[in-house]
Amino acid sequence: MSKDQDQSTAVNVSVGQVEGTGRIRLQLTGPISFANVDKVRSRLIEELRTLPSGQEVELEMGGVLCRDSSTAGLVTRLEHDSTEMGLEWHLGELDSTTRTMLALSKGHPAHGEADPQQDRSPIEAFGDMILEATADLRVLIIFIGRVVSSLLWSLTHPGKIRWREVAALIQRTGAEALPIVALLSLLVGLVTAFSSAIQLRQFGANIFIADLVGIGMTREMGPLLAAILLTGRSGSAFAAEIGTMKISDEVDALTVMGIQPLDYLVLPRILAVMLTLPLLTLFADAAGILGGMIIAIASLDLTPLSFLQQLQKAIGVWDVFSGMLKAFFFGILVAGTGCFRGMETMGGALGVGRSTTASVVTGIFLIVLADSIFVILFHYLGVG
Amino acid sequence: MSERKRVIEVRDLTVRFGEKTILENISFDVQEGEIFVVLGPSGCGKTTLLKHMIGLHKPANGSIRINGTDIVQAGDEEGTEEILRSVGVLFQSGALFKSMTLGENVAMPLREKTTLSGDMIEEIVRMKLAMVNLEGRENLMPNEMSGGMQKRGGLARAIALDPAILFFDEPSAGLDPITSVELDELILALNKQLGTTMIVVTHELQSIMKIAQRAIMLDNETHGIVAEGTPDELMASDQPKVRAFFHRERLDGES
């Protein structure tokens, strides 16, 4: 701090008049560097503020000691500042560093074409956003169409699917995700049961904990938990994998070899998750119910037998099956969004990061949306 | 130069990204067996032109014919797939699949596009790797290879199916001068021995002078072709932009 101050006080600003003219001269002397240039600038701006509009000003820097590009920046910035204040700006003598720096940077003027993003009105920006969103939607619809046709085609040509790859992906997205899915579902089961235990006890309805946890887990929580976890675990991984391949031209290389990236990269992933997510859901259901049972025994004085008997009465095959059916579609959504975001990746490592984030956000959004649609659908079909 | 069969014909090609024009009304021909260089400063659309020529992107306007078939009109996947069988591409970074060994990379087009037996594929992979001086390196992973090796590996994969046309995107980018010369010599040797038509996109002056038989120069202001001819003709050109490029001068005449 002290050094900083020392340097800025060592810089001397003297104001005087150029002889024979109405021009004000600001004479700058002393060492200027990146460390003190901003202080010098604010001092100079203070001086400039005191001058009337239209005044001619000259900056004289012959006595400045500088070894970096700070003074060159200072000069160009001040020229801009003073014109904004309505002053007429002139440059006097400069020290050699400033002169060289300015000459070097003036030699390469900023690119002529202005960035159209810069000066957009909010309405234009909003319009652009809508246009972008519709274009995005269009690409998404095309992607969905191609995936569906690819899926249907693969049903009639099962020999063409890379089953070895599918198997490896099932291992990665299913088996390896099992511990975390089970643990999380167990905890959610515990928490759900625990927070409703107090209410149930007040009504003496202890036994209904089995209905609550059973129906809640199988119909909603099981598939949702498994799907959201898989979005974070595998959907994002797909986006990153395919995105990285995209930016290093590997996807183009596939196309050039006459191999459809969709069949080669996307299809196995969707198939794998489509198969694993319903199974993961089944495990999530079981773990969640186990969590509920622990609370039932520990704090609602039920026996395991009575809990299981009540559970048997409470949930039917459809409850479990509808959850797995949902999970099947969630699986397509999770893998589909991950791959879609990966395939549309552009622009280096940053682009991969963006796709990965987008895959998780879009994935979870679509899962919740689809879940709502399923609830309504099941209700009106009279099966909910 | 005697008139040879025209392998690629590009007519009135216009490319736009959104409202930004990249290329405007470009027309040129590539003749059979020649090494044709597309050159120009960074950002003038060289790589974009290449990606259009292999049908990865659709242009806003114009036609591109490879061996008489219009790949813009071919549109659907089967049409382009047929044409792509006769084409190999070496991408800027080599684009080897990072999850596979070098051998598997080179074997991939053979596995996917031919009915060759495993033994034959192995043999051909060994041959192709020998052509690019990578014999015996089948089991290396791409991340264990240097930049120059990755490019040669990419080249081995590109020539796996013995294409009649080879595209190179900035073959010498990111390589030291010696490795870059080696790659140029490899390109020349393959062209001579196999008679492959080659389209090379580059801005490396030495490389252009060494390998090019004919070249076009693109410009990032007019979005068109500023010059066309043999390297020597371009070298002798008195057009300011061409002169600046070939004599490493600045356009405004300073320095």
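The values are calculated or read from the model by the stated rules, or taken from the named source; none is laboratory data. No experiment lies behind these values; they were computed from the predicted model shown. Cβ coordinates were reconstructed from backbone atoms using ideal geometry, including for glycine residues, and neighbour counts include every protein chain displayed. The area values use the complete protein model at the heavy-atom level, side chains included, leaving out ligands, DNA and RNA. Shrake-Rupley method; radii C 1.70, N 1.55, O 1.52, S 1.80 Å.
Just one of the listed residues (A:I295, A:I247) is within 30 Å of B:T47 (Cβ to Cβ) and out of contact with any Cys (no Cβ under 7 Å at 6 or more places or on another chain), namely A:I247.
Applying the condition of being open to solvent by less than 80 Å² (accessible area, probe 1.4 Å) and part of a helix (DSSP H, G or I) to segment B:96-111 and asking which residue is farthest from the other protein chains (Cβ to nearest Cβ) yields B:G103. The sole residue among A:I228, A:I242 that is under 25 Å from the mean Cα position of the chain (by Cα), within 19 Å of A:S154 (Cβ to Cβ) and touching a residue at least 40 places away in the same chain (Cβ under 8 Å) is A:I242. Filter segment B:189-212 down to the residues that are over 13 Å from the mean Cα position of the chain (by Cα) and of a type in the set (A, V, I, L, M, F, W, C) and list them by number. If the condition is that a residue be over 13 Å from the mean Cα position of the chain (by Cα) and of a type in the set (A, V, I, L, M, F, W, C), then B:A189, B:L190, B:L194, B:L205, B:M209 are the ones that fit. Checked against (1) under 18 Å from B:P109 (Cβ atoms); (2) of a type in the set (V, I, T); (3) at pLDDT 90 or above, B:I159 meets all criteria but (3). The residues of segment B:151-162 that are at the interface with chain A (Cβ under 10 Å from one of its Cβ atoms) and not aliphatic (A, V, I, L, M), listed by number, are B:G154, B:R157. Among the residues here, B:A215 does not qualify as within 20 Å of the chain's Cα centre (by Cα), free of Cβ contacts under 8 Å to residues at least 24 places away in the same chain, closer than 28 Å to B:I66 by Cβ and in a strand (DSSP E or B). Going by the conditions given, is B:N139 away from every other protein chain (no Cβ under 14 Å) and in contact (Cβ under 8 Å) with a residue 12 or more places away in the chain? So B:N139 fits the description; yes.
Listed here are the residues, each with its yes/no results for (1) open to solvent by less than 10 Å² (accessible area, probe 1.4 Å); (2) out of contact with any Lys or Arg (no Cβ under 8 Å at 6 or more places or on another chain); (3) modelled with pLDDT of 85 or more.
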site	(1), (2), (3)
B:F17	no, yes, no
B:L23	yes, yes, yes
B:C44	yes, yes, no
B:N61	no, yes, yes
B:E81	no, yes, no
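Evaluated against (1) out of contact with any helix residue (DSSP H, G or I) (no Cβ under 6 Å at 6 or more places or on another chain); (2) within 14 Å of chain B (Cβ to nearest Cβ), A:E220 falls short on exactly one condition, (2). The residue that is least open to solvent (accessible area, probe 1.4 Å), counting only those in segment B:225-245 that are modelled with pLDDT under 85 and part of a loop (DSSP other than H, G, I, E, B), is B:S237.
Within segment A:313-322, does at least one residue satisfy the condition of being away from chain B (no Cβ under 14 Å), touching a Gly at 6+ places or on another chain (Cβ under 8 Å), not in a helix (DSSP H, G or I) and not acidic (D, E)? Yes; the residues of segment A:313-322 include at least one that is away from chain B (no Cβ under 14 Å), touching a Gly at 6+ places or on another chain (Cβ under 8 Å), not in a helix (DSSP H, G or I) and not acidic (D, E).
Residues are listed down the side, and each one gets a yes or a no for (1) part of a helix (DSSP H, G or I); (2) under 40 Å from the mean Cα position of the chain (by Cα); (3) surrounded by fewer than 15 Cβ atoms within 10 Å (Cβ to Cβ):
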position: A:L78; (1), (2), (3): yes, yes, no
position: A:T83; (1), (2), (3): yes, no, yes
position: A:W89; (1), (2), (3): no, no, no
position: A:T98; (1), (2), (3): yes, no, no
position: A:A103; (1), (2), (3): yes, no, yes
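A quick yes/no check of all residues on (1) farther than 21 Å from A:T97 by Cβ; (2) modelled with pLDDT of 80 or more:
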residue: A:D6; (1), (2): no, no
residue: A:A10; (1), (2): no, no
residue: A:R23; (1), (2): yes, yes
residue: A:G30; (1), (2): no, yes
residue: A:A35; (1), (2): no, yes
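The listed residues are B:E170, B:E185, and the only one of them that is open to solvent by 50 Å² or more (accessible area, probe 1.4 Å), over 15 Å from B:V87 (Cβ atoms) and at pLDDT 85 or above turns out to be B:E185.
Being in the same structural domain as A:G342 (by TED's automatic domain parsing) and in contact with a Cys (Cβ under 7 Å, 6 or more places away or on another chain) is a description that applies to A:I242.
Take the conditions modelled with pLDDT of 85 or more, closer than 30 Å to B:R85 by Cα and out of contact with any Leu (no Cβ under 9 Å at 6 or more places or on another chain) and apply them to B:Q213. Does it pass? In short, yes.
B:L134 falls short on exactly one of the conditions (1) in a loop (DSSP other than H, G, I, E, B); (2) open to solvent by 50 Å² or more (accessible area, probe 1.4 Å); (3) not small (G, A, S), and that condition is (2). One residue stands out in segment A:226-258 among those that are open to solvent by 30 Å² or more (accessible area, probe 1.4 Å) and away from chain B (no Cβ under 14 Å): the one that is nearest to A:S359 (Cα to Cα), namely A:G232. Looking at segment A:250-297 only, could you name the residues that are closer than 19 Å to B:A107 by Cβ and among the hydroxyl-bearing types (S, T, Y)? Across segment A:250-297, the qualifying residues are A:T255, A:Y264.
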